[in-house]
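Only one structure is covered here, and it is reproduced in the block below.
What follows draws every value from the coordinates through simple rules; no lab data is involved. Keep in mind that this is a model prediction, so the values were computed, not measured. No Cβ is skipped: glycine too gets one built from the backbone with ideal geometry, and neighbour counts run over all protein chains shown.
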């Protein structure tokens, strides 16, 4: 019989390697926009930010036992503090070096706070942390993660970018539509189903080039291999440790370190979102203490090389939701790509030519997927909205998060237009010179409401929103079931007695029927004996 040697994607020998490479590029593109914006605004090195993100993600990958598909990139939560400390200084001058030295100390202490949180969680147990986050709290928080990013994306990537407005809008629209169409029409098991985001970037980039939206004026102007030719300049901030004053270190520490408390709450939301999308309880396995530890170590390593602090990225969570591929190795490969692009600036320069509108178009889908996963958490948990307690908690979390985020954006827009900073800050929640993120405030309010509002209408597992099978979750469910049995003892006793009476009745009837059958058999046997005689 003749063998079928027809080459198809399903039996292609190296398809797994190609798929992993493409998925890695998608994760790379998803995090790129946000990761390079932070160092640009804070007057820090883009190359070092990419290298720091890559190194941090790799360390996170191993600390979490290669189980959690999370990418770590530059954190926006630390941006206001970094801009205040470093943003006004001319790069590579002595003033900049001194400012960088103080910022690095603040970043290292912020990472240390993460590690302290990790130790605390290890000793008290993750279950006490998880009780703070039932579905009616986690769901709206995840929705907020996406909805907070969407308006910022529209403003930063589409509205305020250079070029004619119609070019930006059409580029974003074509990029988004490409992702939607490919994801909708591609066969389920085809390779196209894996790469809709990457193809969206390619099509959007080609269209942007056609309409003249790509600016090559600053591209490819730097040395090709910065790690060898510019390493002295990139690490010149270490000279600043002998230039900065003690009071400057204190100011930087007070401005940067407390933000770790805010980003800790954001970390909880991101890990919860990943757990829901991947249907694996990452808070239990490998454990919340490990994910926090990985985040802290990644932040400290980034600080040591002069990069911004790292944080878990919701953008990459959305990539997981779209591709349905949850292999942490793809994140590891994406981290290696980030390091590669950071070292070889010729590739970084090329990535820098991607128009913000292309990134914005892809983000429309990505950020929407994050919010959709939050809605899924609420639906899967069957949260009862007839329960006024649940309705109030969800409503307040969403109202505070979206409302404060809108006001914060107004303040940012006014500041960009040259308004007095003191006036612009009136639209934000600010502690000293540090803005407290709307997401952190909404999360804190949700936790407090969940603790102080009684929940007498429901007695069920708080963790069913994860739809998981971990041992600790199963134990919690068993405990709640036992509690329900104790509270329903009277009803159970009645049911048991009734069942016993019914069984006894059945036994009596069966006994009578057996006796009848026995008598009949005896009668027949007697008759047969008489006939024989």
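Miscellaneous remarks
- Cβ crowding within 10 Å, taken as a proxy for footprinting-reagent exposure, orders 243, 50 from fewest neighbours to most as 243, 50.
- Ascending count of other beta-carbon atoms within 10 Å, so fewest first, for 155, 249: 155, 249
- By the beta-carbon count within 10 Å of each Cβ, the least crowded to most crowded order of 295, 16, fewest first, is 16, 295.
- Alpha carbon Rg of the range 238-370, scaled by the compact-globule rule 2.2 N^0.38 Å: 1.25
- Over 18 Å [Cα-Cα, the range 117-192], rounded percent: 68 percent
- Its alpha carbons considered, the range 18-386 gives a radius of gyration followed by a Dmax of 20.2, 65 Å.
- Based on every Cα atom in the range 241-309, Rg and the maximum pairwise Cα distance Dmax equal 15.7, 51 Å.
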